[in-house]
Amino acid sequence: MGLRDVAAISGIGETSYRRGEAQGSSLSLTLQASLAAIADAGLYPRDIDGVIPIASGAVVAEDFITNFGIPDLRFSATTPMGGASPVAAIQCAAAAIAAGICRHVLLPIGRTGYSGARISTRVHQMPQFRVVGEFEMPLGGIAPAQLYAPMARRHMELYGTTSRQLAEIAVSTRNHAILNGNAAMTKPITIDDHQDSRMISDPLRLLDCSLESDGGAAVVISAADAARDMRRPRVLISGMAEGHPDSPSVITQRPELTRLGIAKAAPRAFAMAGVTHADIDVAEIYDCFTYIVLCQLEDLGFCAKGEGGAFVEGGALGLGGRLPVNTHGGLLSQAHMAGMNHIVELVRQLRGDGGAAQVAGAEIGLVTGYGDMGDGSIAIMRRG
Amino acid sequence: MSAAIERPRAEPSPDTQPYWDGLARGEILLQRCAECGKFRHYPRPMCDGCFSFTHTWVAASGAATVHSWTVTHHPFHPFFRAKLPYALVTADLPEGVRVLAPLDGVDPATLRIGLKLRLGVDAEGLPVLRGAE
């Protein structure tokens, strides 16, 4: 049905993730991660015949022709949905492969989020933020933390969600980062540490917020038949979708502030994959802020709207919990690779390469993206 | 001596200039479709109800009720550092649209969904939400 199992992830790659001295330009980090993913797939750089650079502005498809000597790039596209872009690019790649346009599509990202320009500077330059830039930034609504905080506040007021419940997400995510071995944040934290962390934009505290970090990550998506005989076990992409919220460019005008675009995408992806929520062994959920994880759990259908706070309590998102989430440490504690690191981690889990953070017997998992004020994307994958 | 840090501003477009002109006169102008009467905000060229490009500008009544809010403590932009902490409130208007504006003269701790506020224009020609009384 649809794009079910027409494509698979054949290769994954990451640089080290840092918060410190620059280790290269965005382009250099992008190319480093891309080479690692291509090598993991057992391909040569010239074998790549499709590329979807994740828009950081700094890297375009032409860079891959130039640097990799690609003789005949057959497909290039962008999926400009902020943090929803990498997972949305999975659907784009699978559609291009299903159409017979290309066989091996590279999805790369590289960022200097720590050593380069910070987010509050960058958002001004993004065309998706044009309306907010004209009408809300002059009033002091500058950064995503401020634009998203009213969503969390309204959820708290309507449903009784608490800051301590948000802390559960920060703590389990940090625990996973510590197990990963390639994470920017490795100091254990407690719920009380979260409660003691400084307020950024109420109700979001410092430990509700994701990192600004440097690094690169990439995956190779190949035709499912080609991936069967490649270097590593293939991970099939069984269901995928993107979804956009009402009033996508301006959160303040959204009819339902606590409903994200992924609420529209999730039923399509589950139906395409032919699986139910009970089948999901592990979930890598876009976590620019703790609240965005909680809201997505509801919009994905793991619990009803308003029940996300209770759902995450008691370490439910940790290894051995009800639904292990962000087993790599996520954007909150590993690195902010706009969610490409979530795709990498889901593949690692479904290959059984999760190391100390491996979810025992993981066969089916999902990954989500979130960005640009509420756009959502989802992919459901299985061991192939 | 360093230059004064200025408030972040964007260049209005022909679609949005009347809104800013209204603020300069002390009015919050809302677009209303001349065909079907639907209000919309922020300004844009076309009605999403009937796709008409004709509209009128109507001054907001000033009535507003709290929808949600945030209180910012972190200096994301140097201009706002001296104002920390400051509350930004989203408020529903009876006209059928929602606005964002800084809260002035009301303790943020008293905010709750449905609290009545008054939408106005401050001395700098920007929207502001104040106590309803």
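Students often forget the sequence filter, so: which lysines lie under 22 Å Cα-Cα from residue A:264 once same-chain residues fewer than 8 apart are removed?
Filter leaves A:305.
Could you work out the local net charge near residue A:299, counting Lys and Arg as +1, Asp and Glu as -1, over the other residues with Cβ closer than 9 Å to its Cβ? Before the final figure, lay out the partial values.
Details: positive: A:259, A:264, A:305; negative: A:298.
Result for the neighbourhood of residue A:299: +2.
Using a Förster distance of 35 angstrom, determine the FRET efficiency expected from the C-beta separation of residue A:117 and residue A:225, and round it to 0.05.
That gives a FRET efficiency of 0.25.
Mind jotting down a quarter of the surface of the convex hull over the alpha carbons of the protein assembly as shown, in square nanometres, one decimal?
Projected area, direction-averaged: 24.7 nm².
Using the alpha carbon gyration tensor of the range A:339-384, what are the three equivalent-ellipsoid semi-axes (square root of 5 times each eigenvalue), largest first, in whole Å?
One finds semi-axes of 23, 11, 7 Å for the range A:339-384.
Over what distance in Å are the Cα centres of the range B:90-133 and the range A:315-351 separated?
Here the answer is 40 Å between Cα centres.
Dipole of the range B:13-59, Cα-centred, from +1 at each Lys and Arg C-beta and -1 at each Asp and Glu C-beta, to the nearest 20 debye?
Charge dipole of the range B:13-59: 80 debye, to the nearest 20.
How much mean residue ellipticity at 222 nm does chain A get from its helices, if each DSSP H run of length 4 or more adds -39500 (n - 2.57) and you divide by all residues, to the nearest 500 deg cm²/dmol?
Counting only the DSSP helices, I get -10000 deg cm²/dmol.
Once you list every other residue whose beta carbon is under 13 Å from the beta carbon of residue A:287, what net charge do they have if Lys and Arg are +1 and Asp and Glu are -1?
-3
Taking the Cα centre as origin and putting +1 on Lys and Arg beta-carbons and -1 on Asp and Glu beta-carbons, what dipole magnitude results for the range A:211-259, to the nearest 20 debye? Display every interim value, and only then the final one.
On the way: 6 positive and 7 negative charges, 56 e Å.
Taking the Cα centre of the range A:211-259 as origin, the dipole is about 280 debye.
Take chain A, connect every pair of alpha-carbon atoms lying under 10 Å apart with a spring to form a Gaussian network, then pick out the residue of A:157, A:298, A:284 with the largest mean-square fluctuation.
Ranking A:157, A:298, A:284 by mean-square fluctuation puts A:157 first.
Specify the residue with the greatest mean-square fluctuation among A:181, A:140, A:318, computed from a Gaussian network of chain A linking alpha-carbon atoms under 10 Å apart.
Of A:181, A:140, A:318, the Gaussian network model singles out A:140 as fluctuating most.
I'd like the distance separating the alpha-carbon centroids of the range A:1-19 and the range A:241-288, in whole Å.
Using only Cα atoms, the two centres lie 19 Å from each other.
Taking only C-alpha pairs under 8 Å that are 6+ residues apart, what is the relative contact order of the range A:1-93 in percent?
Computed over the range A:1-93, the figure is 23 percent.
Pick out, from B:18, A:368, A:356, the residue whose Cα sits farthest towards the positive end of the charge dipole of the protein assembly as shown, with +1 on the Cβ of Lys and Arg and -1 on the Cβ of Asp and Glu.
A:356
Compute a Gaussian network model of chain A, connecting alpha carbons closer than 10 Å, and tell me which residue from A:146, A:349, A:296 fluctuates the most.
So, out of A:146, A:349, A:296, the one fluctuating most is A:146.
Once you sort the root eigenvalues of the Cα gyration tensor of chain B as a ≥ b ≥ c, which label holds: rounded (a/c under 1.5), prolate (a/b larger than b/c) or oblate (the other case)?
Oblate.
Could you tell me the relative contact order of chain A? Use alpha-carbon pairs under 8 Å, at least six residues apart, and round to a whole percent. Present the calculation step by step, with values, prior to reporting the outcome.
Values: 956 pairs, mean separation 101.1, N = 384.
After rounding, I find 26 percent.
Report the relative contact order of chain B, percent, no decimals, based on alpha-carbon pairs under 8 angstrom and at least 6 residues apart. All intermediate terms of the calculation are to be shown ahead of the outcome.
Values: 237 pairs, mean separation 29.2, N = 133.
Computed value for chain B: 22 percent relative contact order.
Only the coordinates and a few stated rules stand behind these numbers; no lab work does. Only a predicted model underlies this, so the values are computations on that prediction, with no experimental measurement involved. For neighbour counting, all protein chains shown are included, and Cβ atoms are generated from backbone atoms with ideal geometry for every residue, glycine included.
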